[in-house]
Amino acid sequence: MSEKKFYITTPIYYVNDMPHIGHMYTTVMADIFARYHRLCGEKVYFLTGTDEHGQKIEKSAAAQGIPPIKLADRVVERYRHLWELLEISNDDFIRTTEDRHREAVQKIIGRIRENGDLYRGDYEGWYCAGAESFVPDSQVEDGRDLESGYPVERLSEPSWFFRLSAFEDRLLEWYRENPDCIQPRSRYNEVLRFVEGGLKDLSVSRVSVNWGIPFPGEEEHVVYVWLDALTNYISALGFGSSDPSKFEEFWPADLHLVGKDILRFHCVYWPAFLMAAGLPLPKTIFGHGWWMRDDAKMSKSLGNVVRPDYLIEKFGADPLRYFMAREMAFGQDSSFSDQGFLERFNSDLANALGNTASRSLSMAERFLGGEIPSTIPDNAISSVALETVELYRKNMSGLEPNRALEAVWKLLSEINGFIQEAQPWALARKGEEGRAALEECLGTAIEGLRFVSIMIQPFMPSTAEKLRIQLGVGELPMDLETGTRWGLSAGRRLGKTEALFPRIDIARTMKAFASGGEKKQPQPKPTESEESAMITIDDFAKIQLKVGTIREAEAVPKSKKLIRLQVDLGEEELRQVVAGIGDAYSAEDLPGRQVIIVANLKPAKLMGVESRGMLLAASLEGKAVLLAPGTEIPPGTGVR
Ligand code: ME8
């Protein structure tokens, strides 16, 4: 029998700003499913990446005064770094600026055109650059897109159109024949209603945007960013390349995981593009809910995001991975609260998991000399453990990971109750008479915990590994098939015990949060390009900065901005400095003012006048604002 495959994707994230907890959520959940399917013995391909074209990126880069690709390179490094910290096990990372992607986009457009579903026309409408889309008239009020809140502009331009209207019936048929293709059910209904309301043709090229993939055969047009972006799911597999083997093996996707904000693009446009290109459709598109903070969606544009790197640094990746998977009923919105995170950490991780493990392990060490008994009989806990595996599988396959976790935590609580009832500490006091019961109790607890360690792997890979080592079962199979036979740990030796999750002092941590001290963002690591632009303290020490007092000033003839200054630096002679500050200051106002001077600058001539130094000034809207000490200081005083 050939190995079952599972292809899972995340959205590709825009590079107009740094990643936040919303992006992290989708990627962590995708990672959890990827790891789960590997645990089931399937051949998994897990893709994530970045969406780098379009007006939004172009504008962000322009605002920072850098080319779009520089901005993309910088942000991509942050994403990669974050995914590493979070132990994301993606098999590939696609960037839409890569050649392999451009080739695939041009290929799919070629196929759609050959099938007659593209035509040239003129497009006029309200365009919302923030949302990267034209928005219907009904969605525009006071010059703004009601949905995104961004301003809109009237645009008319020649454009290629995709005959989306022709796909209405085929889409409806696909939805009706595949009722699980869009999940959860509420989103399926939403999409169905939308398509039943009628579809208009879609403009898929832009002349108003420069930063994008050239539209095949049309020099001036770039490909509409969503047609470009959605194609990532097949370009990464080598669609249209000389080696399409991965495409043949893994397409169609088993699960496109996306936030509900981009459901329409994935459930209407994407399948229609694929139909037009004669390609198979994805099996499931799941639209999860939003993380909210103070009732607003966390988003880069609203600026109310939690920076995940800080939370990971403080608490580690696993607690956050667990919290997100457990706290949010998959598919619904949820509120992110620090208090909620800390409470779950203590109750679920420090207490339920950490304490059950540490008390079982320490008693097995103390009462059984660290040896797991040679037989672990079937009993009430073995039945619960096997039932839990079934329930866990059902919930994971049914895309209810929070329920899968609930089941595992129920098993933990059963194990705890079993220990409490058997009272191993009392059995140990009975000596030989209590030995058999003692061995059964602790052997059962250890074996139950081994089951837990298998099931938490997708959620908390590092914790699962640590627990398995402590249980002494590191080399035993850890997949859901062979690893979940009851009794496998019998006869093994425990590893070294150590607390998995030390309790957090919630009141103290919340107080620190409130005072802002703990909330400080960690300084992100500089990127390579930032690093190469950095100087050392020795470099800086080469610059001699001194306080000076301007004694004389006059405009340089025929120059609009240059002023010739004689500056007192506490030296025998006044220093002549020429400064381009004439648009902000008039010469007569300058004598008597104190300034900061770069005193060891090589002399230069400006409009024929020698200048032996430079004034420090801030640049405010292009105009100079001279910097000066806060109080009068003797001329010549050094500045450090
Ligand atoms: O939309 N809660 O990129 P994007 C939960 N490039 N998830 C959230 C979230 C929140 N508050 N905020 C963002 C794009 N997300 C396009 C996608 S795909 C071919 C192109 C997650 O950077 C969620 O998965 O704006 C959402 O769909 C995605 O980030 C949007 O990321």
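In deg cm²/dmol and to the nearest 500, what is the mean residue ellipticity at 222 nm of the chain if only DSSP H runs of at least 4 residues count, each as -39500 (n - 2.57), divided by the residue total? When only DSSP H runs of four or more count, the value is -12000 deg cm²/dmol. Surface exposure of segment 335-471, expressed per residue as accessible area with a 1.4 Å probe, stands at 38 Å². Once all protein chains are placed together, ASP99 keeps about 90 Å² accessible to a 1.4 angstrom probe. Subtracting the Cα-Cα distance of LYS605 and LEU620 from 0.36 nm times their residue separation leaves 2.8 nm of extension gain. Structure note, pairs LYS466/LYS496; LYS4/LYS246; LYS107/LYS260; LYS260/LYS394; LYS260/LYS410; LYS59/LYS107: Cα-Cα distances above 19 angstrom occur for LYS107/LYS260; LYS260/LYS394; LYS260/LYS410; LYS59/LYS107. For the chain, the relative contact order is 11 percent, taking Cα pairs closer than 8 Å that sit 6 or more residues apart in sequence and dividing their mean separation by the residue count.
The accessible surface of segment 533-639, taken with every protein chain in place and a 1.4 Å probe, is 54 percent carbon and sulfur.
Accessible area of CYS40 (1.4 Å probe, protein heavy atoms only, ligands and nucleic acids ignored): about 40 Å². Against the chain, whose longest principal axis is taken from its Cα atoms, helix 21-39 shows a tilt of about 30°. The lysines whose alpha-carbon is closer than 27 Å to the alpha-carbon of LYS511, local same-chain residues fewer than 8 away aside, are LYS297, LYS300, LYS314, LYS519, LYS520. Among the trypsin sites (Lys or Arg not before Pro) within segment 1-96, those in coil by DSSP and having at most 12 neighbouring Cβ atoms inside 10 Å are LYS4. If you fit an axis through the alpha-carbon atoms of helix 68-85 and take the longest principal axis of the Cα set of the chain, what angle between them do you get, 0 to 90°, nearest 10? With rounding to tens, the tilt is 30 degrees. Over the Cα atoms of segment 533-639, the radius of gyration divided by the Kirkwood radius equals 0.96; this is the Rg/Rh ratio.
Descending by average beta-carbon neighbour count within 10 Å, the peptides 535-544, 207-216 line up as 207-216, 535-544, the highest first. Reducing segment 478-497 and segment 112-156 to their Cα centroids gives an inter-centroid distance of 58 Å. Going by accessible surface with a 1.4 Å probe and the largest first, MET614, MET292 read MET614, MET292. Counting Cα-Cα pairs of segment 344-423 in 5 Å increments starting at 0 gives whole-percent bin shares of 3, 14, 18, 23, 21, 13, 6, 2, 0.
In terms of packing, defined here as the mean over residues of other Cβ atoms within 10 angstrom, the peptides 245-254, 490-499 line up highest first as 245-254, 490-499. Once C-alpha pairs closer than 8 Å and six or more residues apart are averaged by separation and normalised to the residue number of segment 159-201, the relative contact order reads 61 percent. Each of the peptides 149-157, 16-24 was scored by the mean count of other Cβ atoms within 10 Å over its residues; in descending order, highest first, they stand as 16-24, 149-157.
Please work out how much accessible surface PHE239 shows to a 1.4 Å probe, ignoring ligands, DNA and RNA, in Å² rounded to 10. Counting only protein heavy atoms, the figure is 10 Å².
Mind checking the angle between helix 461-471 and the chain's longest principal axis? C-alpha axes, 0 to 90 degrees, to the nearest 10. Once rounded, one gets 40 degrees. Straight-line cross-link reach from LYS558 at under 24 Å between alpha-carbon atoms covers these lysines, not counting any fewer than eight positions away in the same chain: LYS605, LYS623.
The values are calculated or read from the model by the stated rules, or taken from the named source; none is laboratory data. Predicted model only: the values in this text are computed from it and were never measured. Positions of Cβ are backbone-derived with ideal geometry, glycine not excepted, and every protein chain shown enters the neighbour counts. Just so you know, the surface numbers come from the protein's heavy atoms only, side chains and all, with ligands and any DNA or RNA stripped out. Shrake-Rupley method; radii C 1.70, N 1.55, O 1.52, S 1.80 Å.
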